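The values are calculated or read from the model by the stated rules, or taken from the named source; none is laboratory data. Computed from a prediction, not measured in an experiment: that's the story for all the values here. Cβ placement follows ideal geometry from the backbone for every residue including glycine, while neighbour counts extend to all protein chains displayed.
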Amino acid sequence: MKQTTQFSSISRRHALAMLSAAGAVVLAGVPAYADGAAVAAKIKGLTGGRSVGEGDIELDLPEIAENGNAVKVAFSINSPMTVDNYVKAVHVMADGNPTPDVASFNFTPAMGACSASTRMRLAKTQNIIVLAEMNDGSFKQAQATVKVTIGGCGG
Amino acid sequence: MAKIKPRVKVPKKAAAGEIVEIKALISHPMHTGRGKNKKTGKKIPRKIINKFVASFDGQDVFTANFEPAVSANPYIAFPFKASKSGAFTFKWVEDGGAEFTASKKMTVA
């Protein structure tokens, strides 16, 4: 009951002013890191808004990375890799780095299988998103979280 | 500056139809543009390897585009289906357009 009385004592104008002030703080306080929204926007840009399926992507990521400077990232995608049915491109993204992109790969049927492995920098604990584009224009994605004990940006 | 040196691992021999793994690494600091020189406090400008292209007998088979989030000394491993003997060429492109190449032969029996 006490709460209600407190709320009613704030005029509407007052409340609006407070809200906009809070908004300004949030805007100014956004750290220079990508977030889920940046990754979502990136995925939307790549897929053109088409729906993204799941499955067939196997991620090989450590659960905990002691050193964010070099974190193994590997994936393999179940695909026959024939001229009619192959994985065209794979995009690796991270939602807690200064920019969402990590790397992207273009595959060809000549490879016979679809997998790749590299090492990336992670600034902090975050989600890794792998988006695969098939030759027929469909998309698949997989996601995993990596805990980072020491970040790997700047220095 | 440390010398930029590519290193690749390709099996010398493979059976026809076998899927082999190709590994490629280049020594490169991959400056993100965010790091600072500890002595001078000045920002180190961005300079990374932004592209890696693997081709077999002149045909591109695999391309990787790297962003600053890729670690120093970028390493990449990928599969390739051996069908005939030939030569791989690997190309790394640095910001600013400098290119580094390596090549390896593979015999398919």
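Of the residues that make up the range A:61-73, is at least one within 12 Å of chain B (Cβ to nearest Cβ), surrounded by 13 or more Cβ atoms within 10 Å (Cβ to Cβ) and over 29 Å from B:E21 (Cα atoms)?
no
Failed condition for A:D101, given (1) touching an Asp or Glu at 6+ places or on another chain (Cβ under 8 Å); (2) free of Cβ contacts under 8 Å to residues at least 12 places away in the same chain, with all others met?
(2)
Does at least one position in the range A:78-86 carry a residue that is in the same structural domain as A:G112 (by TED's automatic domain parsing), part of a strand (DSSP E or B), surrounded by 20 or more Cβ atoms within 10 Å (Cβ to Cβ) and touching a strand residue (DSSP E or B) at 6+ places or on another chain (Cβ under 9 Å)?
Keep residues of the range A:78-86 that are in the same structural domain as A:G112 (by TED's automatic domain parsing), which gives A:78-86.
Next, only the ones that are part of a strand (DSSP E or B) stay: A:82, A:85.
From what is left, the residues that are surrounded by 20 or more Cβ atoms within 10 Å (Cβ to Cβ) are none.
No: the range A:78-86 contains no residue that is in the same structural domain as A:G112 (by TED's automatic domain parsing), part of a strand (DSSP E or B), surrounded by 20 or more Cβ atoms within 10 Å (Cβ to Cβ) and touching a strand residue (DSSP E or B) at 6+ places or on another chain (Cβ under 9 Å).
What's the number of the condition B:G96 fails, among (1) at positive phi; (2) surrounded by fewer than 17 Cβ atoms within 10 Å (Cβ to Cβ); (3) at the interface with chain A (Cβ under 9 Å from one of its Cβ atoms)?
Condition (3) is where B:G96 drops out.
Of all residues in the range A:103-122, which are more than 7 Å from every other protein chain (Cβ to nearest Cβ) and within 13 Å of the chain's Cα centre (by Cα)?
The one that is more than 7 Å from every other protein chain (Cβ to nearest Cβ) and within 13 Å of the chain's Cα centre (by Cα): A:L122.
Within the range B:70-88, can one find any residue that is more than 16 Å from A:A116 (Cβ to Cβ) and buried (at least 21 other Cβ atoms within 10 Å of the Cβ)?
Scanning the range B:70-88 turns up at least one residue that is more than 16 Å from A:A116 (Cβ to Cβ) and buried (at least 21 other Cβ atoms within 10 Å of the Cβ).
Conditions tested, residue by residue: (1) more than 7 Å from every other protein chain (Cβ to nearest Cβ); (2) at pLDDT below 95; (3) out of contact with any helix residue (DSSP H, G or I) (no Cβ under 8 Å at 6 or more places or on another chain).
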position: B:R34; (1), (2), (3): no, yes, yes
position: B:N37; (1), (2), (3): yes, yes, yes
position: B:K42; (1), (2), (3): yes, yes, yes
position: B:F52; (1), (2), (3): yes, no, yes
position: B:F62; (1), (2), (3): no, no, no
position: B:A87; (1), (2), (3): yes, no, yes
position: B:W92; (1), (2), (3): yes, no, yes
position: B:K105; (1), (2), (3): yes, no, yes
position: B:A109; (1), (2), (3): yes, yes, yes
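Can you tell me which condition B:I4 does not meet? The list is (1) closer than 21 Å to A:G68 by Cα; (2) in a loop (DSSP other than H, G, I, E, B), and all the others hold.
(1)
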